[in-house]
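See below for the structure under consideration.
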Amino acid sequence: MGWGSASPGDPADAFMKSLIRSALPLTWASLVRPDPGATTASRLGRALTWNVIGALCSSASNFVLMLAAARMLGREQFGEYGMIQSTALTVSGVAQLAIGYTATRYVSEFRASDKARAGRVIALCSAVGIATAAIATATLVLAAPWIATETLKAPQLTTGLVLSSALVCFATMGGYQTGVLAGLESYDAIARGLMLSSAMNLAAALAGALSFGLLGLLAGTGVGAALQWLIFRRLVVARCRENGIRISYAGMFRDRAIVFRFALPASIGGLIAMPAAWLANACLARQAAGFSELGLYSAAMSLRSLVLFLPLLLNQVTMSFLNHERGRQRPGSYRRIFYYNLGITGGLLFASVAVVSLIGPWVLALFGRSFTAGYTVTIVVLIGTAFEGIMQAPYQLIQTHERMWLSVAFVTLPRDVSRVVLASMLAPAMGAMGLATASAIASAIALCATVVLASAIGFETPAPKLACA
């Protein structure tokens, strides 16, 4: 196996002990005022703490909104809301062309060694976001009648799809913002931005739902997305100034090789993955009582977010740290962070699946009495979630070594083709259980492919030189 092992002279033990010592006694003062001379373990503890704080605010807000929406709209309309949101997020996710992911990858690598280049990368990501947001928004507005009538067989969703274009516009334009802040290791700024924007989004969405039902809920969500874009725009400008990084649009195309080496294949992965998930959902929605079954699946998927909460936060932080250590040519630190990320991710997933499985019936009951029928669906969703979560850790080797084209060919395509094919076979006969089973099998395929590819890449691959550097 190409992953190697920890060096005897540089024991991983010491890193873990240092991480625990530095993370546990964090005080508010140390969170607010970072120490420029802090150790890697101390920085990682601080970043993870802020990331948890921000994500807790965002997730709590989203969960409250889902509960309120389910109770106010009922199971049928809640299923319609889930389908519209899924459509909007699919369009936005594809349109972003992985610019947030790309921003984190390269800003973290260049923020200390090449500030001018970091500024050009940020400008490039911003320009791509504005252009693709305009295209995606116009496309959804124009295609809404066809999507609702021909694809979903639900013409009543046309107006809702048009309203969701506001979410598509601002989510796409702002897709790079949290990526930039993560690359700058400004997780405190991300947390503060999420605290404020989540509260505003929840207030706007609930006010809209109380006043105008489903359409008001969708309009309020669009207003919340616009406010979040404004908040994070100010944060990005301020943190770039603090780090001595000038965002330069004039020279951004000098780094266009980044687009072809990393952003393009990563976005193609999204172009395949998000529509595949949408098509799998549509296989269920098109059936008799399909939206009712989709309501059960949507509720089960909300529990999925509880399982992935900490593992994804950990891997978001370690992504920026691993790329930063790679950019500074520190292989020992890179290796230690990788291995402990792998171990901690596995432990968190095991504990999360166990806890959520136990509390699942009570959480589903919060959505409404009829949702408790989806507990067996939830168990299958959690199994697939465990596969999906653990693959995040070995996938770090793929992204840090910029092997994104291989990822598309050997991870994304097998996973998503199998997801759609299996959903088309299982959803008509098994309803929500069929869709959950198809997704779990697809996630297992992706995990196996990721482990094989990461093992082949290993640690020692030299950093590639960008042609336009």
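Please state which one of S186, S164 is under 25 Å from the mean Cα position of the chain (by Cα), surrounded by 24 or more Cβ atoms within 10 Å (Cβ to Cβ) and touching a residue at least 60 places away in the same chain (Cβ under 8 Å).
S164
L348 meets the conditions (1) modelled with pLDDT of 85 or more; (2) in contact with an Asp or Glu (Cβ under 9 Å, 6 or more places away or on another chain) in every case but one. The failed one is (2). When I135 is tested against (1) surrounded by fewer than 24 Cβ atoms within 10 Å (Cβ to Cβ); (2) under 21 Å from the mean Cα position of the chain (by Cα); (3) among the aliphatic types (A, V, I, L, M), only condition (2) is not met.
Residues that are of a type in the set (D, E, K, R), closer than 21 Å to A127 by Cβ and not in a helix (DSSP H, G or I) do occur in region 231-254. Across region 335-350, what is the total count of residues that are aromatic (F, W, Y) and surrounded by 23 or more Cβ atoms within 10 Å (Cβ to Cβ)? Qualifying residue count for the region: 1. Counting the residues of region 351-363 that are crowded, with 16+ Cβ neighbours inside 10 Å and free of Cβ contacts under 8 Å to residues at least 24 places away in the same chain gives 0. Taking helices (runs of 4 or more DSSP H) that do not extend beyond region 314-427, which have at least 3 residues that are of a type in the set (V, I, T)? In region 314-427, 331-367, 375-390 are the helices (runs of 4 or more DSSP H) which contain 3 or more residues that are of a type in the set (V, I, T). The sole residue among S198, S248 that is within 30 Å of W405 (Cβ to Cβ), surrounded by 15 or more Cβ atoms within 10 Å (Cβ to Cβ) and touching a residue at least 60 places away in the same chain (Cβ under 8 Å) is S248. Considering region 277-313, the residues that are within 16 Å of the chain's Cα centre (by Cα) and of a type in the set (G, A, S) include one that is farthest from A70 (Cα to Cα), namely A277.
Being within 21 Å of G213 (Cα to Cα), surrounded by fewer than 24 Cβ atoms within 10 Å (Cβ to Cβ), at pLDDT below 90 and hydroxyl-bearing (S, T, Y) is true for just one of S86, S113. Which residue is that? Only one candidate passes the filter, namely S86.
The values are calculated or read from the model by the stated rules, or taken from the named source; none is laboratory data. Given the structure is predicted, the values throughout are model-derived calculations rather than measurements. No Cβ is skipped: glycine too gets one built from the backbone with ideal geometry, and neighbour counts run over all protein chains shown.
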